[in-house]
Amino acid sequence: MGAEHLIINREASQAALILGLQPAALIDHVARVDWSLLDQTPGERGGSIPVAIEELEHILSEVKTHILDEPSPIKTIAGGSVTNTIRGLSVGFGVPCGLIGAYGDDQQGQLFVSNMQFSGVDVSRLRMKRGPTGQCVCLVDASGNRTMRPCLSNAVKIQADELIAEDVKGSKWLVLRFGMFNFEVIQAAIRIAKQEGLSVSMDLASFEMVRNFRTPLLQLLESGDVDLCFANEDEAAELVRGEENADSEAALEFLAKRCQWAVVTLGPNGCIAKHGKEIVKVPAIGEAKAIDATGAGDLFASGFLYGLVKGLSLEECCKVGSCSGGSVIRSLGGEVTPENWQWMRKQMQIRGLPIPDTRT
């Protein structure tokens, strides 16, 4: 399958301070829907189960008659955990960022690229390939919880042997998400990143991923090549399942022994983090009731990484992360609105944190 870089402009792409690995570009279709649609959608509510393209299109057709808040439309945007983090860093914090990955030669692929370009993200490392771009239906209920049905089985993606040192030269951080679907690509990207002197940040993806693929996950963590690791409460519990003290603090210690920075997010209870011998606990910021929890952890990572590149303390990094994570849950989807970026900056100002200089 042929591939081509979207833009061949190495001088511009080297300016990216933080790079995200999104092996398969993804388009999210997000909508607030009533309970009846969730009841008739196969699979557990709140989970993420892969579906075929026919099922995805069927769910999308049904969504239109189950919209919770008329005339709220289906929101279609570039998605994926790493994409959310990178877009947040670029738009909300003014950090020069780029994406590594592949997108299809279809309408969804063009939408993904356009959204990233509009967000100021360097897309020169994205390869266009013949085939479909990944899609995901995100159904959000009245409580703000989301049920996801991704269609990735036939989506184009970047291969491990397509990654080159030039992709990461001059950058400081590589951001990725653990996953078996792209495990070889992740391994290759980490190897090249470490050879070029980059630090690596990894998100644990989901408690199912931790449970089902614990051995390869431990292989990555034990390598010492992951400098920063994010886990949510459920992933943390899965990580230390069966141990005597299987709680978030135990998971934090587990990660901190293998990574320079370890962070466990606790939803409405904030987060705990450890670097060296320092441990901090920071409360959540924002309303207790989320409109949509999609992207909360991804945007927390945006704020935390911004804090690291600005040289902030561990506690300050967590506070910025709490501000940015709190901003995205105030509206639908994993993209923060201009109004909610303003809200975030106000929260940062109240707490004496350095306000990013951005165009939002």
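The values are calculated or read from the model by the stated rules, or taken from the named source; none is laboratory data. This is a predicted model, so every value here is computed, not measured. When we count neighbours, we look across all protein chains shown, and the Cβ atoms used for this are built from the backbone with ideal geometry, even at glycine. Note: areas computed on protein heavy atoms with side chains; ligands, DNA, RNA excluded. Shrake-Rupley method; radii C 1.70, N 1.55, O 1.52, S 1.80 Å.
Is it possible to state the helix-based mean residue ellipticity at 222 nm for the chain, with each DSSP H run of 4+ residues giving -39500 (n - 2.57), the sum divided by total residues, to the nearest 500 deg cm²/dmol? What is it?
That comes out to -11000 deg cm²/dmol.
How many angstrom lie between the C-alpha centres of region 104-118 and region 28-100?
So the two Cα centres are separated by 16 Å.
Are any of the pairs LYS157/LYS310; LYS257/LYS281; LYS129/LYS319; LYS172/LYS281; LYS64/LYS346 more than 29 Å apart by Cα-Cα distance, and if so, which?
Distance filter (> 29 Å) returns LYS157/LYS310; LYS129/LYS319; LYS64/LYS346.
For a quick check: with amide H placed at 1.01 Å from N, whose amide H comes under 5 Å from GLY79's, ignoring anything fewer than 5 positions away on the same chain?
The list, which skips near neighbours in sequence, is LEU26, ILE27, ASP28.
Could you compute the net charge surrounding ILE18? Neighbours are other residues with a C-beta less than 11 Å from the C-beta of ILE18; K and R count +1, D and E count -1.
0
What does the convex hull of the Cα atoms come to per residue for region 90-213, in Å³?
For region 90-213, the hull spanned by Cα atoms encloses 139 Å³ per residue.
Which cross-chain or sequence-distant (5 or more) residues have an amide H under 5 Å from the amide H of CYS151, H modelled 1.01 Å from N in plane?
Placed amide hydrogens put VAL51, GLN135, CYS136, VAL137 under 5 Å from CYS151.
If I take every Cα pair under 8 Å that is 6 or more residues apart in region 180-332, average their sequence separation and divide by the length, what percent do I get for the relative contact order?
Computed value for region 180-332: 16 percent relative contact order.
Just the accessible area per residue of the chain, please: how many Å² with a 1.4 Å probe? If you can, show how the numbers build up before the last one.
On the way: 15050 Å² over 360 residues.
Counting only protein heavy atoms, the per-residue value for the chain is 42 Å².
Within 13 Å, Cβ to Cβ, of GLU335, how many net charges do the neighbouring residues add up to if Lys/Arg are +1 and Asp/Glu are -1?
Values: positive: LYS75, ARG87, ARG330; negative: ASP28, ASP292, ASP298, GLU339.
Every neighbour counted, the sum reads -1.
In sequence order, what are the phi-derived ³J(HN,Hα) couplings for region 317-330 according to the Karplus relation 6.51 cos²θ - 1.76 cosθ + 1.60 with θ = phi - 60°, rounded to whole Hz, with x for glycine and proline?
For region 317-330, the Karplus-derived couplings read 4, 5, 5, 5, x, 5, 5, 6, x, x, 6, 6, 7, 7 Hz, x marking Gly and Pro.
Report ASP161's accessible area, 1.4 Å probe, all protein chains in place, as a number in Å² to the nearest 10.
That residue has around 130 Å² of solvent-accessible surface.
From the backbone phi of region 204-215, what are the Karplus-calculated ³J(HN,Hα) couplings (6.51 cos²θ - 1.76 cosθ + 1.60, θ = phi - 60°) in whole Hz, Gly and Pro given as x?
Each residue of region 204-215 in turn: 7, 6, 6, 5, 5, 5, 5, 5, 7, 10, 4, 4 Hz.
Please report, as a whole percent, how much of the solvent-accessible surface of the chain comes from carbon and sulfur atoms (probe radius 1.4 Å).
50 percent
Please give the Cα centre distance for region 320-353 versus region 161-237, rounded to the nearest Å.
Comparing the Cα centres of region 320-353 and region 161-237, I get a distance of 26 Å.
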